[in-house]
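Structure first, commentary second.
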């Protein structure tokens, strides 16, 4: 079996439509800027009161679904790509195998939730950046980019969806998101523990991994989609991140980057609206 498979070779059928992160950022910003009603709302958090709540929830659920596929593929590739004992400890690969098992279960749950919510596979585009973060030739960078940055985002997303299910009176959505959230906290904790253990005597390697993690976090904070503010559609799950091994400084970094992106988006919208009035 081929090692270090590039993202272009991911197996997908005709239902899936993939987009790059750059395309998603451009299209997402354009769509938000064009929607004056959404830009005027004091809260963009997904709640039943939002006129587009159903569509927004289905879109986020589909994003979870494709993210779980890529997380399964990424964890599985880490088990295969690196030589046991030389490039990656056996216990680390065992944890990645356990994670692949979890992610396979999450894919099944997400498919059923998508059916329950009235969406179809491929109804929304698939962003492949999660698997791209799992293509590094250093397993420590994979732990930083996938287990800590992107699985950290998953903690935020699952918490938001769980709260939406609770408020919307949907016990199926609430239960499933709560179940998967518990797994995600474990996955992030595994990444936190292994990153520190593997780089215990290599501070330069740890620094490089954390820098890569910050890059991925910044990419997924575009437009302030995820922050402490109700103006963001996804909330920052501080307590669960702490349980997953994030330090206070690391949580604050994510919060600051997200708020900066949110303020940049608001400034861009205000500028466009002012130009339209002139």
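The values are calculated or read from the model by the stated rules, or taken from the named source; none is laboratory data. Note that the structure is a prediction, hence the values are computed from the model and not measured. Glycine also receives a Cβ, built like all others from the backbone with ideal geometry; neighbour counts cover every protein chain displayed.
Evaluated against (1) closer than 17 Å to residue 63 by Cα; (2) buried (at least 22 other Cβ atoms within 10 Å of the Cβ); (3) at pLDDT 95 or above, residue 150 falls short on exactly one condition, (3). The set of residues from the stretch 244-261 being surrounded by 14 or more Cβ atoms within 10 Å (Cβ to Cβ) and closer than 16 Å to residue 156 by Cα comprises 244, 245, 246, 250, 251, 253, 254, 255, 257, 258, 259. With respect to being out of contact with any strand residue (DSSP E or B) (no Cβ under 8 Å at 6 or more places or on another chain) and modelled with pLDDT of 90 or more, residue 208 fits the description.
Just so you know, in the stretch 115-134 the residues that are touching a residue at least 12 places away in the same chain (Cβ under 8 Å), assigned to a helix (DSSP H, G or I) and more than 18 Å from residue 12 (Cα to Cα) include one that is farthest from the chain's Cα centre (by Cα), and it is 116. With respect to the stated conditions, residue 116 fails to be surrounded by fewer than 20 Cβ atoms within 10 Å (Cβ to Cβ) and closer than 18 Å to residue 184 by Cβ.
Within the stretch 95-108, the set of residues being under 10 Å from residue 183 (Cβ atoms) and touching a helix residue (DSSP H, G or I) at 6+ places or on another chain (Cβ under 6 Å) comprises 99, 102, 103, 106. Within the set 166, 177, the sole residue that is in a helix (DSSP H, G or I) and over 26 Å from residue 217 (Cβ atoms) turns out to be 166.
Checked across the stretch 226-237, the condition of being in a helix (DSSP H, G or I) and buried (at least 18 other Cβ atoms within 10 Å of the Cβ) holds for no residue.
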